[in-house]
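Enquirer: Next up is a structure, given as structure tokens.
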Amino acid sequence: MALLTAVALILFTVEAQIPPPVPIPGIKLGLANIITVYAMFALGPLDALCILLARVLLGSMFSGAMITLLYSLSGGLLCWLVMLPLRRILTKQQIWVCGVLGAVAHNIGQTLAAIAVFRTLAVAAYFPLLVLSGILAGLFTGLCAQFVVNRAHLREL
């Protein structure tokens, strides 16, 4: 779990150095979510939650912007809650679905946090673009997690 947390933090830190693809707050690849999805399927929900919480807390501390804690935590927890039941019904060839739905849930959580922080529904205007970017980014991170889960499974055999 410590190794996965460290990898997630590295991915988070590296991604923070990449300029955003578009000038819209909240749009990014979410590479650290590869680790969350992998942990959910390879280790289980409690371990995935611990890794997620450690990554969010430490990532916020390392970035120096504690407001990111609120956005990352709200998005990450909602993502985890969506992945929880999916873990039971998806096969190892459908893990990518968790990436997509988890990313959209993350965007919902972030949008709700932004509405609470700014006390206005105006920030919800970004939501359609966040969902679109979440679908694309979630597909990528979900496919990456699926590859790692399936690759690790082959080594166990």
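Since every read-out is calculated from the coordinates, none of them should be taken as a lab result. This one's a predicted model, so the numbers in the text were calculated from it and none came from an experiment. Glycine gets a Cβ as well: all are built from the backbone with ideal geometry, and neighbour counts include every protein chain shown.
Enquirer: Could you please state, rounded to a whole Å, how far the C-alpha centre of the stretch 100-155 is from the C-alpha centre of the stretch 21-50?
Expert: For the stretch 100-155 versus the stretch 21-50, the Cα centre distance is 9 Å.
Enquirer: Something else about it: Just to confirm a number: summing +1 for Lys and Arg and -1 for Asp and Glu over residues other than Cys79 whose beta-carbon lies under 13 angstrom from that of Cys79, what do you get? Each step should come with its number before you reach the end.
Expert: Working: positive: Arg55, Arg87; negative: none.
Residues near Cys79 contribute +2 overall.
Enquirer: Scanning the chain for trypsin sites (Lys or Arg not before Pro) in DSSP loops with at most 13 other Cβ atoms within 10 Å, what's the longest stretch left with none?
Expert: Numbers: sites that count: Lys92, Arg119.
The longest such stretch corresponds to 1-91.
Enquirer: Give me the extension gain from Thr68 to Ala152: residue separation times 0.36 nm, minus the current Cα-Cα distance, reported in nm with one decimal. Write out the running numbers ahead of the final one.
Expert: Details: separation 84, 0.36 × 84 = 30.24 nm, distance 3.20 nm.
That works out to 27.0 nm of additional length.
Enquirer: What FRET efficiency would be calculated for the residue pair Leu121, Ile18, taking the C-beta separation as r and a Förster radius of 25 Å, to the nearest 0.05? Display every interim value, and only then the final one.
Expert: On the way: r = 30 Å, r/R0 = 1.20.
FRET efficiency, Leu121 to Ile18: 0.25.
Enquirer: Taking the Cα centre of the stretch 6-157 as the origin and placing charges on Cβ (Lys, Arg +1; Asp, Glu -1), which of Ala113, Thr141, Phe127 is farthest toward the positive end of the dipole?
Expert: Thr141
Enquirer: Roughly how many debye, to the nearest 20, is the charge dipole of the chain about its Cα centre, given +1 on each Lys and Arg Cβ, -1 on each Asp and Glu Cβ, and no other charges?
Expert: Values: 8 positive and 3 negative charges, 33 e Å.
Charge dipole of the chain: 160 debye, to the nearest 20.
Enquirer: Another question about this same structure. Given R₀ = 22 Å, what would the calculated FRET efficiency be for Ile10 paired with Leu53, taking r from the Cβ atoms and rounding to 0.05? Present the calculation step by step, with values, prior to reporting the outcome.
Expert: On the way: r = 17 Å, r/R0 = 0.78.
Computed FRET efficiency for Ile10 and Leu53 comes out at 0.80.
Enquirer: I've got another one for you. Treat the count of other C-beta atoms within 10 Å as a stand-in for reagent exposure and order Tyr126, Tyr71 from fewest to most. It would help to have the intermediate numbers written out before the result.
Expert: Details: Tyr126 18, Tyr71 22.
Ordered by Cβ neighbours within 10 Å, fewest first: Tyr126, Tyr71.
Enquirer: For the chain, what is the calculated [θ] at 222 nm in deg cm²/dmol (nearest 500), taking -39500 (n - 2.57) for each run of four or more DSSP H residues and dividing by its residue count? It would help to have the intermediate numbers written out before the result.
Expert: Details: 6 runs with 121 residues, N = 157.
Using -39500 (n - 2.57) per qualifying helix, the result is -26500 deg cm²/dmol.
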